[in-house]
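Novice: Got a structure for you, questions after.
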Amino acid sequence: MISRQSFDAVILGAGIIGLASAYYLGLRGKKVLVLEAGGFGHGSSGACDDMILLQSKKPGINLQLSFKSLELYRQMVRDWADEELDFLNLGGMILIQTPEELTIMEEFVQQQRDNGLDVTILDKKEMKKYQPFVSDQFIASTYSSIDSQVSPFAVMRGYLRRIKQVGGLIRFYTPVKGIKRGSSGTWAVETRSGETVSSEVVVNAAGAWAGNIGHMVGEYIPITPKKGQLVITEKVPPVGKTNLWSARYMVTKLRPDLVQAEGSGNGIGLSFSFTRTGDGNYLIGSTREKAGYVKENSYEALQAVIRQAVDFIPTLRQVHFIRTIAGFRPATEDGLFILGEHADSPGFFTAAGHEGDGIALAPITGKILSEMVCGDSLGEELTQLSPNRFQPKEKIHG
Amino acid sequence: MEKREVIIVGAGPAGLSAAVEAATAGCGVLLIDENSKPGGQLFKQIHKFFGSQEHKAGIRGIDIGKRLLEEAENLHIEVWLDSEVCGIFDANKVWVVRNKKETVLLQGDRIIIATGASENAVHFPGWHLPGVMGAGAAQTMINIHRVLPGEKVLMVGSGNVGVIVSYQLLQAGAEVVGVIEAAPRLGGYGVHTAKVRRAGVPFFVSHVVAAAEGKDRVEKVRIVQVDPRWNPVPGTEKTLKADTICLATGLTPLTELAFLAGCESTYSPVLGGHVPWHNSAMRTSVRHIFIAGDISGVEEASTAMEEGRMAGLQAAASLGHVDEADAMIRGKAIQARLDALRSGLFGEKRKNAKESIFSAMGNSNNGAR
């Protein structure tokens, strides 16, 4: 039972993006209700790695917002003294295998440096100082001291508690059946169990499922699920000093066309990410698969992830892999997430489509969303993220 | 990919019984266990079982284990030991790592998961010290490896595991300095409890561990009385000298494989928590997959064996090895034995819990996918 009937904002989705949005709206004094179809952490935010990776961001709005988001995380660590957020600043390195990758990465690193990111290229000898366990097949790497990480579960729990403290409501296992525009201009959100609440604002933070929510109000939101599978190791002593990614991870993420053209052959978008959690387990990934909404782990993908890990870091042969996870990265066509109000549906906002950057970008997404809802004047550059950028294409197809 | 008709994960009482039943019906069976020896927990159960004649009452667990192994050998059942099952994919593919070396992917027409349960831990200051262990671990040490875990033992939990292991520790030459129970009354069968009491072991009801203390291992333990709301009562702390604390604080079904395979779950506090939903034929929501024993709800070795037989029979029947009428008659006989095991003061609760699992998905046939 939902104890009141009307809200300032109803947020659909209690993943990290929905919770961040509800948290920042609550700080602005809004009465919020969060509706989640599943349970706590059942979606992508509970089945991903923990990185706040700046090196992977394209220079431009994603990188700018990542800087701001990292600052919000640092503030969170200071302000939420009672939460163990497992925030770590281990730095990150991107491992480079071929001269072609090196050329691409040198250019990419230069662009990032021009945009204010502290990142360098290390030669093999320097790389080995940080990462004595990586295989000899790598010829160089990048290094940035700024790459960080945080426990998504801990952040979500922290948001949850604070949303409740300011009177916000959260209902799990409460999928939405329909959203209609009432005569007074407010939205009527009906749950599958038949309850209806009204709200000035609806925030679609349904991640990989945001398209379905958009459909309920006749809005086209081109977000598709890409399955990412990871394996988790037992707790082990540190393997190297920083977290790791492969240059292929960057290419898979930034230039999926290149990976396909090159015929990587695996068909599962395999790339390498290697991050140490606060407890000493390693999260090792990952794949990017077009598998619809089939969430099960697959034998082939797990084998590929594990083989690659042992190939890249041979000492992992001695380590037990204790768990596996799979989650849907909500991907857009242009690699930018969606944040803003739909022009044809005033009061209906979308904050979704972060693909692999949801954890990194959650605080800044929530903060900007709250500013948009409150009608603050915001920078022109945010129009790049507007959901309305997809409208013309829909009409062509329509 | 190699194929087997029936692949059974776990060679404890449930898995062995399932293997024997399925192989007797004519199925090609592969039985897989991660340990170096089959038998699960049976071989450390040196006490006599309860129940009626047909439940092997009066026979020690270890002897029941030997008989089951003989039956399995006579049926030439294929057994892979030192083999870990790491996942089940597409409802019928089983990923096995053999001898920590070789990865094998097998296809099974039917899979029976009989992975048992794991011991629960309770947390208190000092719980990480060497000397704190599961009661089952202590039982393995004394009855299988013939090693005494310590000289002065405090048992936490007065259920059957707590009192049986206490008695066996006494037999093995340890001193049991006490059995503590958080609830206001004792939990185990009277017969087992009385044997421990007659040996002079003090029992403390409404008591919990306040802290274990010691430098490099447990040296002493502070216990404290709790009120009906489980809050410590000031002034009731006692310090006992002990080098070992055994935790007999319940078991949790080992459900990971079933859930990885996509089996729907249901919650049963009486039977140990989340268990895969199953019907009375031990079939889960994934059609190819059956379960048996503690994974389907924590009970006893005797019920585990009957559930194993049921799963083995029904898996064989679903493959056409047993004709329908025959399967029904034999299934009813097994069900009758299970009902008998689930009667009485303790049994009735488990029977009701089991029945609410069966009905959790409405009509069992519609529940299967």
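Novice: Restricting to the stretch B:273-294, what's the tally of residues that are crowded, with 23+ Cβ neighbours inside 10 Å and farther than 24 Å from A:A326 by Cα?
Specialist: Result for the stretch B:273-294: 8.
Novice: Can you pull out the residues in the stretch A:268-306 that are within 14 Å of chain B (Cβ to nearest Cβ) and open to solvent by less than 10 Å² (accessible area, probe 1.4 Å)?
Specialist: Passing the criteria: A:A301, A:L302, A:V305.
Novice: Any residue in the stretch A:217-235 that is hydrophobic (A, V, I, L, M, F, W, C) and open to solvent by 60 Å² or more (accessible area, probe 1.4 Å)?
Specialist: Looking for residues that are hydrophobic (A, V, I, L, M, F, W, C) and open to solvent by 60 Å² or more (accessible area, probe 1.4 Å), one finds none in the stretch A:217-235, hence no.
Novice: Report yes if B:A316 is surrounded by fewer than 22 Cβ atoms within 10 Å (Cβ to Cβ), touching a residue at least 12 places away in the same chain (Cβ under 8 Å), small (G, A, S) and in contact with a helix residue (DSSP H, G or I) (Cβ under 9 Å, 6 or more places away or on another chain), otherwise no.
Specialist: Values: surrounded by fewer than 22 Cβ atoms within 10 Å (Cβ to Cβ): no; touching a residue at least 12 places away in the same chain (Cβ under 8 Å): yes; small (G, A, S): yes; in contact with a helix residue (DSSP H, G or I) (Cβ under 9 Å, 6 or more places away or on another chain): yes.
So B:A316 fails the test.
Novice: Looking at the stretch B:252-266, which of its residues are open to solvent by less than 60 Å² (accessible area, probe 1.4 Å), away from chain A (no Cβ under 13 Å) and part of a loop (DSSP other than H, G, I, E, B)?
Specialist: B:L254, B:T255
Novice: Any idea which residue in the stretch B:92-131 is surrounded by the most Cβ atoms within 10 Å (Cβ to Cβ), counting only those that are more than 17 Å from B:G15 (Cβ to Cβ) and out of contact with any strand residue (DSSP E or B) (no Cβ under 7 Å at 6 or more places or on another chain)?
Specialist: B:P130
Novice: Same structure again: Does the stretch B:91-112 contain at least one residue that is under 18 Å from the mean Cα position of the chain (by Cα), away from every other protein chain (no Cβ under 14 Å) and modelled with pLDDT of 95 or more?
Specialist: yes
Novice: Condition test on A:E84, is it in a helix (DSSP H, G or I) and open to solvent by 10 Å² or more (accessible area, probe 1.4 Å)?
Specialist: On the way: in a helix (DSSP H, G or I): no; open to solvent by 10 Å² or more (accessible area, probe 1.4 Å): yes.
No; evaluated as a whole, the condition is false for this residue.
Novice: Let me ask another. Of all residues in the stretch A:18-45, count the ones that are farther than 30 Å from A:I104 by Cβ and either of a type in the set (S, T, N, Q) or open to solvent by less than 20 Å² (accessible area, probe 1.4 Å) (or both).
Specialist: Selection size over the stretch A:18-45: 15.
Novice: Hey, another quick one. With (1) in contact (Cβ under 8 Å) with a residue 60 or more places away in the chain; (2) farther than 18 Å from A:G168 by Cα; (3) assigned to a helix (DSSP H, G or I) as the list, and A:K57 as the residue in question, which single condition is left unmet?
Specialist: Here A:K57 clears every test but (3).
Novice: Taking B:I88 as the residue in question, decide whether it is crowded, with 19+ Cβ neighbours inside 10 Å, in contact with a Lys or Arg (Cβ under 6 Å, 6 or more places away or on another chain) and either within 14 Å of another protein chain (Cβ to nearest Cβ) or modelled with pLDDT under 95 (or both). If you could, list the steps in order and put the result at the bottom.
Specialist: Working: crowded, with 19+ Cβ neighbours inside 10 Å: yes; in contact with a Lys or Arg (Cβ under 6 Å, 6 or more places away or on another chain): no; either within 14 Å of another protein chain (Cβ to nearest Cβ) or modelled with pLDDT under 95 (or both): yes.
In short, no.
Novice: Moving on. Restricting to the stretch B:81-120, what's the tally of residues that are of a type outside the set (S, T, Y), under 24 Å from A:R307 (Cα atoms) and either assigned to a strand (DSSP E or B) or touching a helix residue (DSSP H, G or I) at 6+ places or on another chain (Cβ under 7 Å) (or both)?
Specialist: Filtering the stretch B:81-120 down to residues of a type outside the set (S, T, Y) leaves B:81-82, B:84-102, B:104-114, B:116-117, B:119-120.
Adding the requirement that they be under 24 Å from A:R307 (Cα atoms) leaves B:82, B:84-102, B:104-107.
Still in the list and also either assigned to a strand (DSSP E or B) or touching a helix residue (DSSP H, G or I) at 6+ places or on another chain (Cβ under 7 Å) (or both): B:84-89, B:93-98, B:102, B:104-107.
Qualifying residue count for the region: 17.
Novice: Okay, next question. In this structure, is B:H145 more than 25 Å from B:L257 (Cβ to Cβ), within 14 Å of chain A (Cβ to nearest Cβ) and either open to solvent by 30 Å² or more (accessible area, probe 1.4 Å) or out of contact with any Lys or Arg (no Cβ under 7 Å at 6 or more places or on another chain) (or both)?
Specialist: no
Novice: Among the residues of the stretch A:122-149, write down those that are aliphatic (A, V, I, L, M) and open to solvent by 60 Å² or more (accessible area, probe 1.4 Å).
Specialist: The one that is aliphatic (A, V, I, L, M) and open to solvent by 60 Å² or more (accessible area, probe 1.4 Å): A:I139.
Novice: Just to check your reading of the model, which residue among B:V298, B:V275 is closer than 30 Å to B:R60 by Cβ, assigned to a loop (DSSP other than H, G, I, E, B), among the β-branched types (V, I, T) and touching a strand residue (DSSP E or B) at 6+ places or on another chain (Cβ under 8 Å)?
Specialist: It is B:V298.
Novice: Quick check on B:E219: is it touching an Asp or Glu at 6+ places or on another chain (Cβ under 9 Å), free of Cβ contacts under 8 Å to residues at least 40 places away in the same chain and closer than 20 Å to B:V132 by Cα?
Specialist: The answer is yes for B:E219.
Novice: For A:A309, only one of the following conditions fails: (1) surrounded by fewer than 20 Cβ atoms within 10 Å (Cβ to Cβ); (2) touching a residue at least 60 places away in the same chain (Cβ under 8 Å); (3) part of a helix (DSSP H, G or I). What is its number?
Specialist: Condition not satisfied by A:A309: (1).
Novice: Moving on. So which of B:A194, B:A172 ends up being open to solvent by 30 Å² or more (accessible area, probe 1.4 Å), among the aliphatic types (A, V, I, L, M) and more than 17 Å from B:G136 (Cα to Cα)? Working first, answer last.
Specialist: On the way: B:A172 fails: more than 17 Å from B:G136 (Cα to Cα).
From the options B:A194, B:A172, the qualifying one is B:A194.
Novice: Can you find, within the stretch A:168-224, the residue that is modelled with the lowest pLDDT among those that are polar (S, T, N, Q) and in contact with a helix residue (DSSP H, G or I) (Cβ under 9 Å, 6 or more places away or on another chain)?
Specialist: Per the stated criteria, the residue is A:T224.
Novice: Then there is this: Kindly provide the set of residues from the stretch B:116-151 that are among the acidic types (D, E) and either under 23 Å from the mean Cα position of the chain (by Cα) or assigned by TED's automatic domain parsing to the domain that holds B:A292 (or both), ordered by number. Steps first, please.
Specialist: Of all residues in the stretch B:116-151, those among the acidic types (D, E) come to B:119, B:151.
If the condition is that a residue be among the acidic types (D, E) and either under 23 Å from the mean Cα position of the chain (by Cα) or assigned by TED's automatic domain parsing to the domain that holds B:A292 (or both), then B:E119 is the only one that fits.
Novice: Got a sec? Which of B:V208, B:V201, B:V224 is out of contact with any helix residue (DSSP H, G or I) (no Cβ under 7 Å at 6 or more places or on another chain), open to solvent by less than 30 Å² (accessible area, probe 1.4 Å) and outside any helix (DSSP H, G or I)? Spell out the reasoning first.
Specialist: Working: B:V208 fails: open to solvent by less than 30 Å² (accessible area, probe 1.4 Å); B:V201 fails: out of contact with any helix residue (DSSP H, G or I) (no Cβ under 7 Å at 6 or more places or on another chain).
Matching residue, one of B:V208, B:V201, B:V224: B:V224.
Novice: Follow-up question, since we're still on this one. Hey, A:I325 hits all of (1) buried (at least 20 other Cβ atoms within 10 Å of the Cβ); (2) in a strand (DSSP E or B) but one; which does it fall short on?
Specialist: Of the numbered conditions (1) buried (at least 20 other Cβ atoms within 10 Å of the Cβ); (2) in a strand (DSSP E or B), the odd one out for A:I325 is (1).
Novice: Could I ask something else about it? Can you tell me which residues in the stretch B:20-46 are at pLDDT 95 or above and touching a helix residue (DSSP H, G or I) at 6+ places or on another chain (Cβ under 6 Å)?
Specialist: Result: B:V20, B:E21, B:A22, B:A25, B:C27, B:V29, B:L31.
Novice: Now for a different question. When you look at B:R229, is it more than 19 Å from B:A137 (Cβ to Cβ), of a type outside the set (V, I, T) and surrounded by fewer than 16 Cβ atoms within 10 Å (Cβ to Cβ), yes or no?
Specialist: Judged against the criteria, B:R229 is a match.
Novice: Does the stretch B:90-97 contain any residue that is over 30 Å from A:V319 (Cα atoms) and among the basic types (K, R)? Let's see the steps before the verdict.
Specialist: As a first pass, look at the stretch B:90-97 and keep what is over 30 Å from A:V319 (Cα atoms): none.
There is no residue in the stretch B:90-97 that is over 30 Å from A:V319 (Cα atoms) and among the basic types (K, R).
Novice: Criterion first (closer than 21 Å to A:G41 by Cα, open to solvent by less than 20 Å² (accessible area, probe 1.4 Å) and at pLDDT 95 or above) does A:A351 satisfy it? Talk me through it step by step, then tell me what you get.
Specialist: Numbers: closer than 21 Å to A:G41 by Cα: yes; open to solvent by less than 20 Å² (accessible area, probe 1.4 Å): yes; at pLDDT 95 or above: yes.
Answer is yes for this residue.
The values are calculated or read from the model by the stated rules, or taken from the named source; none is laboratory data. Everything numeric here is computed off the predicted structure, so don't read it as measured data. Backbone-built Cβ (ideal geometry, glycine too); neighbour counts: all protein chains shown. Accessible surface is based on the protein model in full, side chains and every heavy atom, while ligands, DNA and RNA are left aside. Shrake-Rupley method; radii C 1.70, N 1.55, O 1.52, S 1.80 Å.
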